[in-house]
There are 4 protein chains.
Amino acid sequence: MAARPAPGGRADYRIFREHSTRWMDNDAYGHLNNVVHYALFDATVNGWLIEAGLIGPARARIGLVAETGCRYHSEMAYPDRIAAGLRVAHLGTSSVRYELGLFRNEAELASAEGFFVHVYVDRATRRPAPLPPDLRAALETLR
Amino acid sequence: MAARPAPGGRADYRIFREHSTRWMDNDAYGHLNNVVHYALFDATVNGWLIEAGLIGPARARIGLVAETGCRYHSEMAYPDRIAAGLRVAHLGTSSVRYELGLFRNEAELASAEGFFVHVYVDRATRRPAPLPPDLRAALETLR
Amino acid sequence: MAARPAPGGRADYRIFREHSTRWMDNDAYGHLNNVVHYALFDATVNGWLIEAGLIGPARARIGLVAETGCRYHSEMAYPDRIAAGLRVAHLGTSSVRYELGLFRNEAELASAEGFFVHVYVDRATRRPAPLPPDLRAALETLR
Amino acid sequence: MAARPAPGGRADYRIFREHSTRWMDNDAYGHLNNVVHYALFDATVNGWLIEAGLIGPARARIGLVAETGCRYHSEMAYPDRIAAGLRVAHLGTSSVRYELGLFRNEAELASAEGFFVHVYVDRATRRPAPLPPDLRAALETLR
């Protein structure tokens, strides 16, 4: 493998959301299973969209998850509390790439970092559609 | 505590559904976390309803989960395969009590047994409504 | 079904722990799946035990989950935050029955209530063993 | 975004493992939540390692998850059954990259494809260590 990128810090992210962990998040090794990280990414992105009023049944265009990924730098475990940092790394015509960092308790360096790509489609036709203007404007604030 | 009931056997259940387990189902003790049992109950009951055409957006009455419970007799662990047995223990005017047993691989005795109560309501008003006749007829076959 | 007990209030519980919810906790009905409640019970009980230093590899007796249950009073959904109340309802020679209530955001009445029974066993023999004295003393404070 | 790669087919993978889905795997959109795909990747890789006797407490070197990723081609939903295909794409001195495809029921094209990188470390020191020879030999069969 090529040299691994160093973990990012809190200053690399624009907003944060706090998540609690659950006993069952720990796997047989006693640490957060690699899958749980994605549940926190998913909750962070959708939480921000909900708070901003940018997701819901009244909207004509919806975001489908096209690609996700995560690099694991160090262990986390229940009962850690996790701060998830969020930023927007790329805005395309019909897609957005969110990048996320997971910070264990008071840690300054991320325990894991990943990304989450949404492609927007028309709700009815499911064909790609431009990002709605209000969404694009809000996403610009996360750059 | 009072004396615990002995585990039931496969003959105590009417139909069975097979479930695979997942590595992350194992918790820090290396066995199936107590929560996972309910995910298998939930999948078994809803799976039977889906196969029987008794659940879906076209139906005017929907079942809400009112109560669930589980007694744990013995351990199960990934990569066990689990057979879930299902029977109907009680049919009320607007409710049904399913009982379930989870059998590890080829075991004849249940590793866990529990129940799952649905109360039927009108989709629009969310007030209790009689069990639909086609559902009641199908549930009778699980007694 | 017999008349259902009314939901308990916050004053019915002795301590509280805060939990965040996750987007994937919502099921196809857009509300917290019935299984998730048990993940919160499990995290609440084990979290209290960890904070009190009453669980861990150095301890000769371990608690196995013998029985759990939940009654669902009303819906919760991501992104609700959930306060889990905990009390001890019964202390036997080798077992403890925890009772829990889940409170949605600022609600005073529980959305769901349930219980969680641990039976203590010797770690090596897995045979029932009396509750360790330090655990019993701590559990008395949750009555 | 650049053009997306076309979905792979079953012939692109060396071995397959069957997974059941669960009602709670469906999220508020009524399809498999993006997180669930990783639970199936994780179960597939660890299942193969367990069957091959290449994981367990007696082994001096353990694999830590360093990176994972997934591209989502099309929807899957409970009660689909999912065949997970597995192949080895890269063998380094101390790391292995697995690639996986998830196939819905009888579909020939993957609904999602991803990867899973394990880095092997000494269990005691947690420093990178060469892949054990028996593991390397087994991994060669998945190329």
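Nothing in this text is a laboratory measurement; each read-out follows from the coordinates by a stated rule. Predicted model only: the values in this text are computed from it and were never measured. As a convention, Cβ positions derive from the backbone with ideal geometry for all residues, glycine included, and neighbour counts pool all protein chains shown.
Computed per residue of chain C from DSSP H runs no shorter than four, each worth -39500 (n - 2.57), the mean residue ellipticity at 222 nm is -5000 deg cm²/dmol. Close amide H partners of residue D:81, meaning residues 5 or more places away or on another chain with modelled amide H under 5 Å apart, are D:105. Quick check: the angle from helix D:36-51's long axis to the longest principal axis of chain D, C-alpha only, nearest 10 degrees? The two axes meet at around 40 degrees.
For the range A:21-140, the residue among A:63, A:102, A:29 whose Cα projects farthest onto the positive side of the dipole built from Cβ charges is A:63.
Placing a label point 7 Å from the Cα of residue A:12 along the Cα-to-Cβ direction, the distances to the matching points in the other copies come to 2.9, 4.8, 5.4 nm, shortest first. From the residues D:73, D:88, D:130, which one has its Cα farthest along the dipole of the range D:65-143 in the positive direction, the dipole being from +1 and -1 charges on Cβ of Lys/Arg and Asp/Glu about the Cα centre? Going by the Cα projections, it comes out as D:130.
Once a ≥ b ≥ c are taken as the square roots of the eigenvalues of the Cα gyration tensor of chain B, is the result rounded (a/c under 1.5), prolate (a/b larger than b/c) or oblate (a/b not larger than b/c)? Verdict is prolate for chain B. Applied to the range C:119-135, the Karplus parametrisation 6.51 cos²θ - 1.76 cosθ + 1.60 on θ = phi - 60° returns per-residue 3J(HN,Hα) values of 10, 8, 10, 5, 4, 7, 8, 6, 9, x, 9, x, 4, x, x, 5, 5 Hz, with x for Gly and Pro. Centre-to-centre, using Cα atoms only, the range B:92-122 and the range A:50-92 are separated by 36 Å. Given +1 at the Cβ of Lys and Arg, -1 at the Cβ of Asp and Glu and no other charges, the dipole of the range D:61-143 around its Cα centre is 440 debye to the nearest 20. Net charge dipole, chain D: roughly 540 debye, given to the nearest 20, about the Cα centre with Cβ charges of +1 for Lys and Arg and -1 for Asp and Glu. Placing +1 on the Cβ of every Lys and Arg and -1 on the Cβ of every Asp and Glu, with nothing else charged, gives the protein assembly as shown a dipole about its Cα centre of roughly 0 debye.
Between residue C:50 and residue C:81, how high is the FRET efficiency from 1/(1 + (r/R0)^6) when r is the Cβ-Cβ distance and R₀ = 30 Å? Nearest 0.05. Working from the Cβ atoms, E equals 0.90.
Mean partner shielding of peptide D:12-24, defined as the number of other chain Cβ atoms within 10 Å of each residue Cβ, is 5. The shape of the protein assembly as shown can be summarised by an equivalent ellipsoid whose semi-axes, obtained from the alpha carbon gyration tensor, come to 35, 30, 26 Å from longest to shortest. Can you tally the net charge around residue D:110? Count Lys and Arg as +1, Asp and Glu as -1, for every other residue whose Cβ sits under 10 Å from the Cβ of residue D:110. Its environment carries a net charge of 0. Residues considered: B:45, B:117, B:65. Largest GNM mean-square fluctuation over chain B, using C-alpha springs under 10 Å, is found at B:65. Each residue in A:90, A:118 was given a count of other beta-carbon atoms within 10 angstrom of its own, and listing them fewest first yields A:90, A:118.
For chain C, set up a GNM with springs between Cα atoms under 10 Å and report which of C:113, C:67, C:99 has the largest fluctuation. Its mean-square fluctuation being the largest, the pick is C:67.
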